[in-house]
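Trainee: Dropping a structure here in structure tokens format, bear with me for questions.
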Amino acid sequence: MRVDKFLNAVNITKRRTIAQDMIENSVVKIDGIAIKASRNVKVGDIIEIAFLEKSRFYEVLKIPETKTIKKNESHLYYREKL
């Protein structure tokens, strides 16, 4: 699954276009490397999102089979790392 679709599907971003804009502006990195929106996400990848105050890190636990998932199921697909 593409990284922009993953961020939207697991409710990290509200819309896919927001995820795409963040990726284009090098706000999103996987394993410390700036990526393109077409990059596929694998289980075990560490996604970094650099917000203004600090960066947040998300470990991919599972790839969703559907376009969207329920918000209360998000914890099954990623874990926020401190």
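Trainee: Could you point to the residue in Phe51, Ile30, Val3 farthest towards the positive end of the chain's charge dipole, with +1 and -1 charges on the Cβ of Lys/Arg and Asp/Glu respectively?
Mentor: The listed residue farthest towards the positive side: Val3.
Trainee: Above 14 Å lies some portion of the pair distances; for the stretch 3-81, what is it as a whole percent of all C-alpha pairs?
Mentor: Working: 1752 of 3081 pairs.
It works out to 57 percent of all Cα pairs.
Trainee: GNM on the chain, C-alpha springs below 10 Å: top fluctuator among Ile18, Ile30, Ile47?
Mentor: Ile18
Trainee: Among all the lysines, which ones have a C-alpha under 24 Å from Lys62's C-alpha, if same-chain residues fewer than 8 places away are not counted?
Mentor: Lys62 reaches Lys5, Lys14, Lys29, Lys36, Lys42, Lys70, Lys71, Lys81.
Values quoted throughout were computed directly from the atomic coordinates according to the rules given, and no laboratory measurement underlies them. Just so you know, these numbers come straight off a predicted model, no measurement behind them. Don't worry about glycine lacking a Cβ; one is built from the backbone with ideal geometry, like all the others, and counts go over all protein chains shown.
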